[in-house]
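Values quoted throughout were computed directly from the atomic coordinates according to the rules given, and no laboratory measurement underlies them. It should be emphasised that the depicted structure is a prediction, and the values quoted were computed from it without experimental measurement. Using ideal geometry, Cβ is built from the backbone for each residue, glycine included, and neighbour counts are taken over all protein chains shown.
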């Protein structure tokens with residue numbers, strides 16, 4: 001049986017445990033372990049996977065995805081998913097920008113498909129939209145839950161350069177999409 005501790009020793013042990021708990025709470029979560037990083041990775045993975053899934057079902061043709069039959073919308077979504085994946089690691093503050101672009105493109109695709117399904121009442125939307133929406137939700141959740149921290153001048157300059165490159169890449173993708 002362990003010996004009984006005196007009151008002073010018990011008080012010291014309790015004070016030490018309280019101090020350690022306080023220090024553990026005060027330590028920031030490392031960036032690689034922050035939940036918003038994992039949400040961004042999962043959201044961009046789902047967004048990149050969604051163009052390969054069935055988005056519409058046509059009775060004679062079967063399921064239609066966004067990649068087959070020369071459809072470039074799916075390629076743009078995959079490109080935005082890759083861009084968002086890079087932004088998740090590089091500049092998570094700009095992840096919202098790529099998420100908004102992907103959401104706008106998804107809305108345009110949806111409206112285009114709803115217009116096509118108006119031609120035939122037998123055309124139905126398929127389960128690929130659920131994966132796409134889940135990916136967008138995770139991307140927005142990751143972008144909006146990024147921990148706030150002070151930004152140095154070097155990080156600000158790096159983020160500005162990254163943003164300029166990203167805008168150039170997006171404009172190039174839009175130009176290729178429109179003129180091809």
query = Say each of residue 111 and residue 171 gets a label point 7 Å from the Cα, pointing the same way as Cα to Cβ; how far apart are those two points in nm?
reply = 2.4
inquiry  = Based only on other Cβ atoms within 10 Å, what is the fewest-to-most ordering of 73, 6?
reply    = 6, 73
inquiry  = Please compute the length gained on full extension between residue 104 and residue 61, using 0.36 nm multiplied by the number of residues separating them and subtracting their Cα-Cα distance.
reply    = 12.7 nm
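Quick one: 61, 76, 87, 37, fewest Cβ neighbours within 10 Å first, how do they rank?
Details: 61 10, 76 22, 87 25, 37 18.
Listing 61, 76, 87, 37 from fewest to most nearby Cβ atoms yields 61, 37, 76, 87.
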